[in-house]
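I have placed the structure first, in the form of structure tokens, so that the comments after it can refer back to it.
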Amino acid sequence: MRTNKRRILSGFAVIGATIGCGTGLAVATGTFSTPSPAPTAQAVPQQLVDHFAIFRSGPSTEAEAAASALRNFASGANEQFGLNVALARRAANSKSLPFWVVPGTAGICIFRGDTGSGVCTSIANAMAGNLQLAVGSTVFGLAPDGNPAVAVHNADGSTEKVAVQQNAYVIEHPGAKSVDVVDGSGNVQSIEVP
């Protein structure tokens, strides 16, 4: 993939840490790469079809009704992820709180039309089970095939199972700290809740 080089003349990151009476400061300068725009997906990438059952059915008939909101959301991420809202799927779940899953050539997004909230990540992160959107105390997530349920670890030390339907799950309470998800390779990953 070709990258455009962008020189950051005075780019810096500040990390403040107080240890006893001391404070630390770190400054980083240099050349950073910005990825080239991804081409728009003309079909759902095979990697997503192979690992997410939601993409093995046709686009939702409701996609047209949500197309405007999806386009507004996707316009910001489209260049980086190559999104195509015409390929979006409506993710049903056991909590009756649907959300949209929008595929692209270089990534995938989940989006809540009623709140206008969404989040995107790379296909590799999604296959690792690392795609979650927090809206208030509700967390919407996408898990690869092989997850009939996810294990939710709560702040109080308890663990509960949450059903996965069409790769989608919803956690509707505050206090969830992490989720155990089986990734696309069959390994259990513990993902922090946003």
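Here is how the numbers come out for the structure above:
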quantity	calculated
Nonlocal amide H pairs with residue 178, under 5 Å, H built at 1.01 Å	153, 193
Gain in span if fully extended, residue 134 to residue 71, counting 0.36 nm per residue against the direct Cα distance	20.6 nm
Net charge over other residues, Cβ less than 14 angstrom from the Cβ of residue 127 (K, R count +1; D, E count -1)	-3
For the range 129-142, Karplus couplings with θ = phi - 60° (6.51, -1.76, 1.60), whole Hz, Gly/Pro x	x, 9, 9, 9, 10, 9, 10, x, 9, 9, 10, 9, x, 10
Long-range amide H partners of residue 128 with built H, under 5 Å	184
Virtual spin-label span in nm between residue 36 and residue 155, 7 Å along Cα→Cβ	4.6
Residues with amide H under 5 Å from that of residue 149, placed H, sequence gap 5 or more	164
Cβ-defined net charge surrounding residue 192, 14 Å radius [Lys, Arg +1; Asp, Glu -1]	0
Protection-proxy order for peptides 142-151, 77-86, each taking the mean of Cβ atoms within 10 Å per residue, highest first	77-86, 142-151
Whole-Hz couplings from phi, Karplus 6.51/-1.76/1.60, listed for the range 161-176; x for Gly and Pro	8, 10, 5, 10, 10, 6, 6, 9, 9, 9, 10, 10, 8, x, x, 5
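Each reported figure results from applying straightforward, stated rules to the coordinates on display, with no laboratory input. Worth saying up front: this structure is predicted, and the values here are computed from it rather than measured. Please note: Cβ atoms are built from the backbone with ideal geometry, for glycine as well, and neighbour counts cover all protein chains shown.
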